[in-house]
Amino acid sequence: MSEDEFFEFCQVNDTLEFERDSHGNIIVMSPTTMSTSSLNFRIGGVMFKWFEQTGLGEFLDSSSGFTLPNGAVRSPDISWVSPERLINLDEEEREKFAHVCPDFVVEIRSKSDSKQYVLEKMTEYIQNGTRLGWMVDRFDRKVYVFREDGSVSTEDFDAVLSGENVLPGLTVDLGTLLKQPKS
């Protein structure tokens, strides 16, 4: 499918979610579990507070599709696009799968995801221009931090993560976010 055909395919099938890899293969995305969705919401909430304080860039949820330079269309669980990249997007581009690679992405491994698949996605983001990414692996209880220089570090599941030089001043205390909600 061409880029426009894939976009139209997604619009016609708007009750389903898809990604497309750099080879044109269409990937059907399954809904996430409550546990994954809850963690995604909690991390996003901390990031929104940072956004309210700084007003920098734009955070997006997992419904947003990005056309990466390699041709893949990806939808990270959480993403952030810097003001420098946003300025190049006109309104028409924002109404499609924008040709921009997010500066920051978070992927939370779902039960339906293989660890290798999500790690490869994270590498793809970095290779296409993402400057910082976190892959939260709920099952191995680890967080993989991907940086624009290609380095990857592994943190404990209850780590305090930093936005480093990409999102200055942002900290996410996973240990606090992982506490079970009160019934």
Task: In segment 68-182, lysine pairs closer than 28 Å at Cα, eight or more apart or cross-chain - done: 11
- [ ] Run the quick spin-label model on HIS23 and GLU93: label points 7 Å from Cα toward the beta carbon, then report their separation in nm to one decimal.
- [x] 3.0
Open item on the list: Given 25 °C and 0.890 mPa s, compute D for the chain with the Stokes-Einstein relation, Rh being the Kirkwood radius over Cα pairs; round to the nearest whole µm²/s.
Closed with: 146
TODO: Mind pulling the angle between the C-alpha long axis of helix 34-54 and the longest principal axis of the chain? Nearest 10 degrees, somewhere in 0 to 90.
DONE: 90
Open item on the list: Tell me the angle of helix 3-12 to the major Cα principal axis of the chain, expressed in degrees between 0 and 90 and rounded to the nearest ten.
Closed with: 70
Task: Estimated dipole of the chain in Debye, rounded to 20 [Cβ of Lys and Arg +1, of Asp and Glu -1, Cα centre] - done: 940
TODO: Rank TRP134, GLY71, CYS101 by how far each Cα sits towards the positive end of the charge dipole of segment 60-180 (+1 on Lys, Arg Cβ; -1 on Asp, Glu Cβ) and give me just the farthest.
DONE: TRP134
Open item on the list: If I compute solvent accessible area with a 1.4 Å probe over the protein chains, what percent of it on the chain is carbon and sulfur?
Closed with: 50
- [ ] Compute the FRET efficiency between THR33 and SER2 as 1/(1 + (r/R0)^6), taking r as their Cβ-Cβ distance and R0 = 41 Å, and round to the nearest 0.05.
- [x] 0.75
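Taking Cα pairs under 8 Å and at least six residues apart, what relative contact order does segment 56-183 come out at, in percent?
Relative CO of segment 56-183 lands at 16 percent.
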Task: Pairwise FRET efficiency - ASN13 versus SER114, Cβ, R0 = 35 Å, nearest 0.05 - done: 0.90
TODO: May I ask you to rank ARG147, ARG94 by accessible area, largest first, using a 1.4 Å probe over the protein chains only?
DONE: ARG94, ARG147
Open item on the list: Suppose all protein chains stay in the model; what accessible area per residue would a 1.4 Å probe give for the chain, in Å²?
Closed with: 54
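The values are calculated or read from the model by the stated rules, or taken from the named source; none is laboratory data. As the structure is a computational prediction, the values presented were derived from the model and not from experiment. Cβ: placed from backbone, ideal geometry, glycine included. Neighbour counts: every protein chain shown. Note: accessible area is taken over every heavy atom of the protein model, side chains too, but ligands, DNA and RNA are not part of it. Shrake-Rupley method; radii C 1.70, N 1.55, O 1.52, S 1.80 Å.
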